[in-house]
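Notes for the one structure printed next.
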Amino acid sequence: MSMDDVSISKRLGLPKAEVIVRTAKIPDITAYFDIDPPGHPLPLTAPFDVRNFPHQKNGKDATPRLKWRSDVGDTTKHQVASLTFAYDTYRELASEAKRAEEVSETVASHIWAGVNAHLGTNANSFAELVEQLGVMRFGHRPTVSDTFSGSGQIPFAAAQLGCDVIASDLNPVSCMLTWGAFNVVGASDAQRKTLDDDQAALVERVKADVDALGVETDGEGWRGKVYLYCLEVTCPRLVGRFLCFLL
């Protein structure tokens, strides 16, 4: 679910090294960072603020910089960055972070070695993991059947996890929503572009028809944007009439 510290760091984005050492407890910063300029007397143990240790550059005070060492991998960088979370609640972090699906599947790339070692699988995504576990247990990819699918949230999530899905509902509106979840929300980039192009073309055709009728313009360049509809209702029990306005 991308709720571990490394995943949260990926969802937040990697901060600058100077920001990390300001709050993170790091026994030896040279294990992760190079100091610019080399040899500048910065503390080796964080936290500290690099702005408190200026150096002379062109006759003026300048703030030293920290750069990630070239041999430090992406996962290690986020592990170090997550040391700054000691002073934040999960709610604070999650409110600032992107959703996992906004980051891409690499948000969970660091977990698969441990997961595969524990389960005896060879997966690099949740879909691959679900399929492999299904084959190990049932001999085939799992199938999820939702006979009252409603808006399609359950079958959509099951499909995202790699399951085969059967969805149905007695309510035709629910069927439409489920279809939309799979074929619009879950469409590929190419399918989404086709849908967007078709939608734009339909809007232009409708606009052309409305413009031809002249019902939205006054002939002097003004176009209506908001319309007020009035419905008069006579109450059978109370004397009087009521006006309902719909915007």
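Taken together, the values in this text are just the output of simple stated rules run on the coordinates, not laboratory data. From a predicted model like this one, the values you see are computed outputs, not experimental measurements. Virtual Cβ from ideal backbone geometry, glycine too; neighbours counted across all protein chains shown.
Subtracting the Cα-Cα distance from 0.36 nm times the residue separation, let me have the gained length for residue 222 to residue 157 in nm, one decimal.
Fully extending the segment from residue 222 to residue 157 adds 18.7 nm.
Which pairs in the list 10/193; 25/57; 10/77; 16/77; 193/225 are over 19 Å apart, alpha-carbon to alpha-carbon?
Violating the 19 Å limit, Cα to Cα: 10/193; 25/57; 193/225.
Grab the Cα-Cα distance for residue 202 and residue 61, subtract it from 0.36 nm times how many residues apart they are, and report the gain in nm with one decimal.
The span from residue 202 to residue 61 would gain 44.6 nm if fully extended.
Can you report the principal axis dimensions of the stretch 121-185 using only the alpha carbons, biggest first, rounded to whole angstrom?
Sorted largest first, the three principal extents are 40, 22, 12 Å.
Would you mind checking which residues have amide H under 5 Å from residue 26's amide H? H placed 1.01 Å from N; only 5 or more apart, or other chain.
46
May I ask for the distance between the Cα centers of the stretch 101-136 and the stretch 53-98, given as a whole number of Å?
29 Å
Given Cα pairs under 8 Å that are at least 6 residues apart, what percent is the relative contact order of the stretch 23-169?
On the way: 158 pairs, mean separation 20.8, N = 147.
Relative contact order of the stretch 23-169: 14 percent.
Using the basic label-point model (7 angstrom from Cα toward the beta carbon), what is the residue 22 to residue 52 distance in nanometres?
Label-label distance for residue 22 and residue 52, simple model: 1.3 nm.
Near the amide H of residue 124, under 5 Å away, which other amide H atoms are found, from residues 5 or more places off or on another chain, if H is placed in the peptide plane?
Correct list: 129.
Counting each pair of different Cα atoms once, what's the Kirkwood radius of the chain in Å, rounded to one decimal?
Kirkwood hydrodynamic radius for the chain: 24.7 Å.
Based only on Cα atoms, what mean projected area does the convex hull of the stretch 5-103 have, in nm²?
Over every viewing direction, the Cα hull of the stretch 5-103 projects on average to 7.1 nm².
Using DSSP to call loops (not H, G, I, E or B), can you name the GluC sites (Glu not before Pro) in the stretch 199-236 whose Cβ has at most 15 other Cβ atoms within 10 angstrom? Walk me through the intermediate numbers first.
Details: sites: 204, 216, 220, 232; in loops: 216, 220.
The qualifying sites are 216, 220.
Could you give the dipole magnitude of the chain about its Cα centre, charging the beta-carbon of Lys and Arg +1 and that of Asp and Glu -1, in debye to the nearest 20?
Values: 25 positive and 32 negative charges, 152 e Å.
Roughly 740 debye, rounded to the nearest 20.
Would you kindly state how much longer the chain becomes between residue 89 and residue 144 on full extension, computed as 0.36 nm times their sequence separation minus their alpha carbon distance, in nm to one decimal?
Details: separation 55, 0.36 × 55 = 19.80 nm, distance 3.57 nm.
Gain on stretching residue 89 to residue 144: 16.2 nm.
Which longest uninterrupted range of the chain lacks any chymotrypsin sites (Phe, Trp or Tyr not before Pro) assigned by DSSP to a loop state (not H, G, I, E or B) and surrounded by at most 13 other Cβ atoms within 10 Å?
Longest gap between qualifying sites, sites excluded: 1-147.
Given H placed on each backbone N at 1.01 Å, which residues far from residue 166 in sequence or on other chains put an amide H within less than 5 Å of it?
Amide H neighbours of residue 166: 144, 145, 146.
Counting trypsin sites (Lys or Arg not before Pro) as exposed when in a DSSP loop with at most 16 other beta carbons within 10 Å, what is the longest stretch of the chain free of them?
Here the longest run is 100-224.
Only Lys, Arg, Asp and Glu count, each charged at its Cβ (+1, +1, -1, -1), so figure out the dipole size of the stretch 69-198 about its Cα centre, rounded to 20 debye.
Charge dipole, the stretch 69-198, about its Cα centre: 340 debye, nearest 20.
If you split all Cα-Cα distances of the stretch 104-219 into 10 Å bins from zero, what percentages do you get per bin, shortest first?
Going out from 0 Å in 10 Å bins, the stretch 104-219 shows 12, 25, 26, 19, 9, 5, 3, 0 percent.
Normalising by the residue count of the stretch 121-185, find the relative contact order in percent from Cα pairs under 8 Å and 6+ residues apart.
30 percent
Between residue 74 and residue 231, what is the FRET efficiency for a Förster distance of 51 Å, r being their Cβ-Cβ separation, to the nearest 0.05?
On the way: r = 61 Å, r/R0 = 1.20.
Taking R0 as 51 Å, the efficiency between residue 74 and residue 231 is 0.25.
Quick one: Kirkwood hydrodynamic radius for the stretch 56-109, alpha-carbon pairs, angstrom, one decimal?
Values: mean 1/r = 0.0692 Å⁻¹.
Taking every pair of different Cα atoms in the stretch 56-109, averaging 1/r and inverting gives 14.5 Å.
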